[in-house]
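> First the structure, which I've put down as structure tokens, then a few questions once you've had a look.
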Amino acid sequence: MNEMIRLEHITKNYSQLKALDDVDLTLEKGKIIGLLGPNGSGKTTLIKVLTGMTLQYHGNIYIENEPWSYQSKAIISYLPDQLYFDQWMRIKDLENYFTDMFSDFNPKKFHELLRTFKIEDRGYIRKLSKGNKEKLQLALILSRDAKIYIFDEPIGGVDPALRQIILDTIMESKHSEATVILSTHQIYDVEDLFDEVIFLKEGRVVLHKETKSLIEESGKSLLETFKEVFSYAR
């Protein structure tokens, strides 16, 4: 097995709420993995544990067979579900910040993506439209030559045209050895994207399977299986 990530008995509580409940997962290199479940299923908490944003949990995480450490963050490129840069900044400020912070950041690729996304440098970020701010953040994340890419709801709340641009760019930009984790509760236009899927329900993994095998064995689309597993959430 070409292992990239291994989680052993990951449990995370928020007061009386068990956000993650004894999660065991092994994820391979070179895979695009769908982390699927309705809101509140534990997807974002799992991502926070993987990215080091949450350190108070039980269990063990291994990256390339080494225990998770702050060095692990250097190989993870993470797109959160909200914009994280300050409105007073300029695109050049962000480029300089990423160049200083991440040795794998590629300014040439960043400018290529800005052209692809048709993002004009209007000075300050606050002058960009909401859609262009989201595309700018995606360009920054994809301009890193990371080993792990994690996207938290990258297609939530965006229009269909932008949604397709985001998905196409993720597909085109990943390199063969990278592991890509994409969290979403919107299934209808991502079925062909995933090599495998993880279904999270109330903090537990209820399914982890290759997408092709799942569809062939069930005789149902990924969306139909999702609706069946999470029927309570309708």
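Any read-out appearing in this document is the output of simple, stated calculations on the displayed coordinates, not a laboratory observation. These numbers come from a predicted model, not from an experiment. FYI the Cβ positions are ideal-geometry reconstructions off the backbone, even for glycines, and counts take in every protein chain you see.
> Take every DSSP beta bridge with both residues inside segment 3-233 and express the antiparallel ones as a percent of the total, to the nearest 5.
Expressed as a percentage, antiparallel bridges in segment 3-233 total about 55.
> Pick from 208, 185, 58: which residue has the top mean-square fluctuation in a GNM of the chain where Cα pairs under 10 Å get a spring?
58
> What percent do you get for the relative contact order of the chain when only Cα pairs under 8 Å and 6+ apart count?
About 28 percent, as a whole number.
> With +1 on the Cβ of every Lys and Arg and -1 on the Cβ of every Asp and Glu, and nothing else charged, how large is the dipole of segment 1-144 about its Cα centre, in debye rounded to the nearest 20?
The calculated dipole for segment 1-144 is roughly 760 debye.
> Taking 0.36 nm per residue of separation and subtracting the Cα-Cα distance, what length does fully extending residue 218 through residue 81 add?
46.2 nm
> Pick out which of 162, 20, 46 has the largest mean-square fluctuation in a Gaussian network model of the chain, springs linking Cα atoms closer than 10 Å.
Maximum among the listed residues: 162.
> Could you give me D for segment 1-139, from Stokes-Einstein at 20 °C and 1.002 mPa s, where the hydrodynamic radius is the Kirkwood radius over C-alpha pairs? Units µm² s⁻¹, please.
124
> So, one more: Could you calculate the FRET efficiency of residue 176 with residue 129 from 1/(1 + (r/R0)^6), where r is the beta carbon distance between them and R0 is 30 Å, rounded to 0.05?
Rounded to the nearest 0.05, the efficiency is 0.35.
> Quick check: convex hull of the Cα atoms in segment 3-233, volume per residue, rounded to a whole Å³?
128
> Once the piece of chain linking residue 89 and residue 116 is laid out straight, how much longer is it, given 0.36 nm per residue of separation minus the C-alpha distance between them?
7.6 nm
> Measuring from centroid to centroid over Cα atoms, what is the spacing of segment 116-169 and segment 45-84 in Å?
Rounded to whole Å, the Cα centres lie 21 Å apart.
> At a threshold of 8 angstrom on Cα-Cα distance, excluding pairs fewer than six apart, so keeping six or more, what relative contact order does segment 1-138 reach in percent?
Contact order relative to length: 21 percent.
> In the Gaussian network model of the chain, springs joining C-alpha atoms below 10 Å, which of 177, 202, 216 carries the largest mean-square fluctuation?
216
> So what's the back-of-envelope 222 nm ellipticity for the chain, counting only DSSP H runs of four-plus at -39500 (n - 2.57) apiece and dividing by all residues, rounded to 500?
Helix contribution divided over all residues of the chain: -9500 deg cm²/dmol.
> List every residue whose amide H lies under 5 Å from the amide H of residue 201, counting only residues 5 or more places away in sequence or on a different chain, with H placed 1.01 Å from N in the peptide plane.
206
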